[in-house]
Amino acid sequence: MSYRERRARRTGATDTPPYATESIAIEIRGLRKSFDAKVAVAGIDLDVPAGSFFGLLGPNGAGKTTTLRMATGLLRPDAGRVTVAGLDVWHDPVRAKAAMGILPEDVPLFDRLSGHELLVYNGLLRSMERPVVEARAAELLDVLALTDAADTMVVDYSQGMRKKIGLACALLHAPRVLFLDEPFESVDPVSARTIREVLAHVTDSGGTVVFSSHVMELVERLCDRVAIMHGGNVIAAGTMDGVRGGRPLEEVFVTLVGARPDASGRLAWLSPSSS
């Protein structure tokens, strides 16, 4: 049984998503960004309902990361507007960023701090009370299996551990909206399962998760809504079942973004018999 099916069983959801009549967590209008002559994001519109688990898909260079960076206030758009939890990201950045948690793809961290120190530092930067920070940090380190590395400097963490401590920092202040760029990359299967359970708890509690990934099976299992980007445009968006139309998500994705020519009849020199 998939995560989406388990969630439906827990929440009693029918074919109509439980958040269908609720508010919009993220509203994007006319968002555009160019780098010299290259149009990275071509004036997109997108709505993410509150309480949804939203997957953002696209081939390399489609504009996913640029879109996420603009939506979180990390990159200024050339045009357009983004609101998160009803707050304009560029006109009210302090309050908007307080409502969101962010895990970028490259996970920039103060890596000369220990894992525990990094969490406490992040909490105090957000003006959280020290006892609250300490209690949440200890719980996050335990849940994400980082307790034994709590006093180890982050510079000595593996890439998977860095992903997990970055996620812990994003979750520490209990954000209403969580943005994750390739959160499962370099993460072992056991840790990936733990992360999935944590993210499921976020959405089950009314929070909203938006994440980009290249792993179709993972998106199909986790997400109840999805958008596919290609060439800086959103070429499909909606409920998972609506976008799939009864087909596997990977098949829909390849069809929409354009499959490359079949290579089976080429590269014959790779066969041992050709030498």
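Results, tabulated for the structure shown:
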quantity	calculated
Residue-averaged [θ]222 nm for the chain, counting only DSSP H segments that reach four residues, each worth -39500 (n - 2.57)	-10500 deg cm²/dmol
Degrees, to the nearest 10: 115-125 long Cα axis against longest axis of the chain	80
With Cα atoms, 0 to 90° folded angle of helix 130-143 axis to the chain main axis	40
Gained length - residue 174 relative to residue 204, 0.36 nm times residue gap less alpha-carbon distance	9.5 nm
Residue of 133, 94, 243 that the Gaussian network model of the chain assigns the largest fluctuation, springs spanning Cα pairs under 10 Å	94
Distant-in-sequence amide H partners of residue 52 (H built 1.01 Å from N, under 5 Å)	209
DSSP bridge orientation in the chain - percent antiparallel, rounded to nearest 5	60
Other-chain or far-sequence residues with amide H under 5 Å of residue 101's (modelled H)	177, 178, 179
Segment 46-117: trypsin sites (Lys or Arg not before Pro) in DSSP coil with no more than 12 other Cβ atoms inside 10 Å	112
Estimated FRET transfer efficiency when R0 is 35 angstrom, pair residue 255-residue 29 (beta carbons, to 0.05)	0.80
Rough spin-label spacing in nm, given labels placed 7 Å along Cα→Cβ, for residue 36 and residue 233	2.5
Nearest-ten-degree value, helix 189-204 long axis tilted from longest Cα axis of the chain	70
Net length gained if the chain between residue 132 and residue 105 were fully extended (0.36 nm per residue, minus Cα distance)	7.0 nm
Two-site FRET efficiency, residue 156 against residue 193, from Cβ-Cβ distance with R₀ of 25 Å, rounded to 0.05	0.55
Assigned charges on the beta-carbon of Lys, Arg, Asp, Glu; segment 21-258 dipole about Cα centre (debye)	640
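Every read-out reported here was derived from the displayed coordinates using simple, explicitly stated rules and does not represent laboratory data. Quantities reported herein were computed from a predicted structural model and do not represent experimental measurements. We place every Cβ from the backbone using ideal geometry, glycine too, and count neighbours over all the protein chains shown.
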